[in-house]
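Taking it in order: structure first as structure tokens, then the write-up.
Bear in mind that the values in this text are calculations on the coordinates, not laboratory data. Predicted, not measured: the structure shown is a model, and the values here were computed from it. Note that we place each Cβ from the backbone using ideal geometry, even for glycine, and neighbour counts take in every protein chain shown.
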């Protein structure tokens with residue numbers, strides 16, 4: 001079953017009445033490292049500014065479902081200010097809508113259209129479209145019962161992820177590294193969390209729409225944060241050790257060299273050969 005990513009917003013194009021043209025973009029989420037991205041479903045349609053409502057969007061989504069041949073199990077969207085309209089349209093079709101920053105292929109497609117498609121349209125207005133303004137969320141503590149007992153920074157070669165679909169993983173999701181222009185020789189940083197409650201922890205994390213990990217080095221204290229959903233942020237750990245602080249900075253540096261790609265895994269202990277949870281992540285700048 002497929003997961004879709006959706007954007008519904010105005011574009012830098014004016015119609016004959018000098019009103020912004022809107023557009024819906026729908027694309028299928030690649031769910032593992034072997035997905036062939038050129039085979040993923042895509043749908044696009046312009047919308048007049050006078051028809052911007054959940055009814056129009058519902059009709060467009062129904063047409064996308066008809067073209068795809070089946071409805072997705074859920075639809076992810078990053079544009080928080082469109083929450084009510086998108087949620088209503090999806091609910092009317094019986095499709096769960098999920099605010100999410102896990103929209104890598106949609107983000108890349110939108111940036112590509114900004115450079116290659118919209119400038120060729122009549123009425124194009126040079127300049128940037130309004131971007132997504134996200135207030136910095138107040139990080140929350142992980143629930144006590146779900147905190148890992150131990151965690152560690154690790155790295156893997158990009159080539160190691162080629163077999164990820166064959167790994168023994170309880171909960172997880174991946175994507176082709178080529179989407180982030182990462183080659184097999186690139187070192188991919190990550191964090192492994194160890195807990196005797198590994199499966200409940202991984203199950204809880206699977207419902208969070210994992211976005212990315214980041215090292216937050218601020219005057220109040222260094223910490224590792226897990227960003228989820230559209231705005232949520234969780235404190236993975238408060239860092240007090242100078243050694244761990246240095247490792248966290250190394251993680252952040254390696255993440256940047258890997259074009260934002262990194263991972264998080266959950267295991268019962270460091271000797272385990274399986275994962276209760278494993279997610280390939282990518283920190284991207286939303287357009």
Expected 222 nm ellipticity per residue - DSSP helices of 4 or more, -39500 (n - 2.57), all of the chain, to 500: -7000 deg cm²/dmol
Candidates 120, 36, 74: whichever shows maximal mean-square fluctuation once the chain is modelled as a Gaussian network with Cα springs under 10 Å: 120
Label-to-label distance, nm, for residues given as residue 150 and residue 253 (7 Å Cα→Cβ offset): 2.7
C-alpha long axis of helix 54-68 to longest principal axis of the chain, angle in °: 70
Size of the stretch 31-117 as Cα extents on the principal axes (Å, biggest first): 37, 30, 25
GNM result for the chain, Cα springs below 10 Å: residue of 177, 138, 110 fluctuating most strongly: 138
Förster radius 45 Å - calculated FRET efficiency between residue 67 and residue 18, Cβ distance, rounded to 0.05: 0.90
Diffusion constant of the chain at 10 °C, which comes from Stokes-Einstein with the Kirkwood Cα-pair radius and 1.306 mPa s, µm²/s: 78
GNM result for the chain, Cα springs below 10 Å: residue of 232, 185, 147 fluctuating most strongly: 185
The stretch 237-287 and the stretch 67-98: distance between their alpha carbon centers, rounded to Å: 30
